[in-house]
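Just so you know, all these numbers are worked out from the coordinates, no wet-lab data involved. Keep in mind the model is a prediction, meaning the values are calculated, not measured. Quick reminder, even Gly has a Cβ in these numbers, built from the backbone with ideal geometry, and neighbours come from all protein chains shown.
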Amino acid sequence: MHEINKTAANVCGKIRSGTQNEAALLALMEKTGYSMVQENGQRKFGGPPPGWEGPPPPRGCEVFVGKIPRDMYEDELVPVFERAGKIYEFRLMMEFSGENRGYAFVMYTTKEEAQLAIKILNNYEIRPGKFIGVCVSLDNCRLFIGAIPKEKKKEEILNEMKKVTEGVVDVIVYPNATDKTKNRGFAFVEYESHRAAAMARRRLIPGTFQLWGHTIQVDWADPEKEVDEETMQRVKVLYVRNLMISTTEDTIKAEFNKFKPGVVERVKKLRDYAFVHFFHREDAVAAMSVMNGKCIDGASIEVTLAKPVNKESTWKQHFNGQISPGSENLLGFPNKEDGHQKSLGKPASLSVHLNGQHSPGPPEVERCTYPFFPGIKLTPISMYSLKSSHFSSAAMHLDYFCNKNNWAPPEYYLYSTTSQDGKILLVYKVLIPSITDGSQSYFMPDKLCATVEGAKELAAQFTLLHL
């Protein structure tokens, strides 16, 4: 193991000052007793730490670290993150050149330590004028399986997935909005670990795998939004799923008022789900217990506490708090309720990365015009010589971002479907050839648009969010 450790340290020496920096990493390993191994584009410190017994820490113990200076390594980073607690594993993403890729994953031994790291190290000035970002890392154990025959029941899908993949824990299947005897043509498969899910995805992803004679679609499910316990203790809104399309807001309000008249403030229904707002939290909690599993207009409903989307804190977390009020509206973000329409629970926020830096989306560009007088000198210019603040659209930002990183331009592929009322709806799939690998082959939003321009803009926003 010592030889592997020395090799890992040597990689760092190529970029920094040779033996001096190799010695710094070796000294860190000697001091802590942790091992260090480099493989698959990352350098792993620990995992497990010395003397560790038992299974790895549970989900929720890992944080994501962004905006790390490219010439900073474990000998500087580990002591900083040890301030929050005992590190189980530190994974620094590495370039072939020996520089780091600007981000890392730190797994602590407890969730409390991970939360403390976010609290004390997010926006921490790691070097003069250089602030790192720290947020929760979601260890995804769930796959999205599409193009499933709609007549298949949960038990059939679960049994079939257990036959073709290992580590299946559960299958989540939602009934069709108009015919509750059928599924929606997709399911979410939960695995016992991220590794099990990744192995299953690798087996199923080629696009030729069939279930019941159907070629299925496979991708990572977007992780559910994590909300801290303190925030959830204040929630007084219920999320009601599996309603009939025909069920009205008045009917829902009347049904939820039955157990205690006058407790419901208002109801907001969207297609086959709704949000029921209560005046008091205790009434919301009581109603959730009473109403979960009840039938409304012949449909058995599911009732949970709604997870709030705190846009302000999300933006502050990503952008060091340097945002302007209302800037989140510039790119047409979904409203608070729309955030819950996604079965996958993606937070409604956009993080634009330019040259390793974060920008709170395209700023408001001056839209007034100026007179063009005869004789004004014009200079040929490339759009890539401008600053990102000159672009108001996500599509232009994405093109600019790819150019700045010396990547090939993004490729857009247009797909269509027909809505229930006969409208043509569109979505773009975005491929960035320069970064295509086994973990992410393309980017595609989970919303459809009525116009080509809207679909392209949404796809660009979605891609920027995930880069």
1/(1 + (r/R0)^6) with r = Cβ-Cβ of residue 424 and residue 270, R0 = 25 Å, i.e. FRET efficiency to nearest 0.05, evaluates to 0.70
Alpha-carbon Debye profile of segment 142-214, log10 I(q)/I(0) at 0.23 Å⁻¹: -1.03
Enumerate the residues in segment 408-431 having an amide nitrogen under 15 Å from the point lying 7 Å beyond the Cα of residue 442 toward its Cβ. 410-417, 426-431
Counting all C-alpha pairs of segment 175-215, share separated by more than 15 Å (%): 58 percent
Rounded to the nearest 0.05, what FRET efficiency is calculated for residue 390 and residue 154 with R0 set to 45 Å and r the Cβ-Cβ distance? 0.30
Counting only residues 5 or more places away or on other chains, whose amide H sits under 5 Å from the amide H of residue 94 once H atoms are built in the peptide plane? 42, 43, 101
Provide the FRET efficiency to the nearest 0.05 for the residue 116-residue 289 pair, computing r from the beta carbons and using R0 = 41 Å. 0.80
Based on alpha-carbon centroids, what's the gap between segment 236-268 and segment 404-429 in Å, whole number please? 36 Å
Sort 446-452, 32-38, 92-98 for me by packing, meaning the mean count of neighbouring Cβ atoms within 10 Å per residue, highest on top. 32-38, 92-98, 446-452
Using only the alpha carbons of segment 117-243, what is the convex hull's orientation-averaged projected area in square nanometres? 11.4 nm²
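Determine, for each peptide in 168-174, 243-249, the mean count of other beta carbons within 10 angstrom over its residues, then list the peptides with the highest first.
By packing density, highest mean first, the sequence is 168-174, 243-249.
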Going by amide H atoms built from the backbone, whose H comes under 5 Å of the H on residue 137, apart from near neighbours? 62, 63, 64
